Amino acid sequence: MQKANEDAAALYESWKKDVQVEEYRLEDAEVVLTAYGISARICKSAVELLRAQGVKAGLIRPITVHPFPYAAYDHIDYSKVKAVLDAEMSIPAQFVDDVAVAVKDRCLIETCLCSGGNIMSRDKVLAAVKKIMEGK
């Protein structure tokens with residue numbers, strides 16, 4: 001049993017090399033959106049629109065959620081960021097738990113959620129970012 005556990009531990013450790021993540025426009029971000037799957041596509045278009053409106057937004061898009069790309073959240077400049085916005089199509093939020101571990105209490109984490117077969121809308125994401133930027 002000891003040998004099987006050691007082999008499993010080595011396998012889990014090797015998976016850490018399989019992390020895939022997209023870090024998009026984080027260099028000067030004041031708000032960082034984080035999402036995966038369809039929600040990430042919507043958030044990426046929101047980042048572009050926000051940038052066009054003068055809001056310095058960025059995106060962390062995990063391509064693999066296991067292993068989770070914790071290190072990507074260390075690339076955020078927390079001296080500039082007001083919040084990380086978790087956008088997911090799940091109520092209650094699930095992805096946000098890993099996001100919270102990655103952020104390590106370095107900034108506020110907000111959520112933008114939908115479920116029940118509803119697709120996240122860009123307008124909903126934009127409204128959530130607006131609340132963050134207004135400090136509400």
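None of the figures in this text is laboratory data; all of them are computed from the coordinates on show. Bear in mind that the values here come from a model prediction, so they are computed numbers and not experimental data. Methodologically, a virtual Cβ is constructed for each residue, glycine included, from the backbone with ideal geometry; neighbour enumeration extends over all protein chains shown.
Once Rg and the Kirkwood radius are both taken over the C-alpha atoms of the chain, their ratio Rg/Rh works out to 1.04. Per-residue Cβ neighbour counts within 10 Å put Met120, Met133, Met89, Met1 in the sequence Met1, Met133, Met89, Met120, beginning with the fewest. Computed from the Cβ-Cβ distance with R0 of 30 Å, the FRET efficiency linking Ala52 to Ser79 stands at 0.75.
Here the 3J(HN,Hα) profile of segment 70-75, calculated from phi with Karplus coefficients 6.51, -1.76 and 1.60 at θ = phi - 60°, is 4, 4, 4, 6, 6, 8 Hz, Gly and Pro shown as x.
Once both labels are modelled 7 Å past Cα along the beta-carbon direction, what's the Asp28-Asp7 spacing in nm? Label at Asp28, label at Asp7, 5.4 nm between them. The ranking of Glu30, Glu134, Glu88, Glu13 from fewest to most other beta carbons within 10 Å of each one's beta carbon is Glu134, Glu13, Glu30, Glu88.
Do the sum for the chain: with -39,500 (n - 2.57) for every DSSP H run of n ≥ 4, divided by all residues, what is the mean residue ellipticity at 222 nm, to the nearest 500 deg cm²/dmol? Rounded to the nearest 500, the figure is -12000 deg cm²/dmol. By the count of other C-beta atoms within 10 Å, a proxy for reagent exposure, Asp77, Asp7 are ordered fewest to most as Asp7, Asp77. A Cβ-based charge dipole, computed about the Cα centre of the chain with Lys and Arg at +1 and Asp and Glu at -1, lands at about 480 debye.
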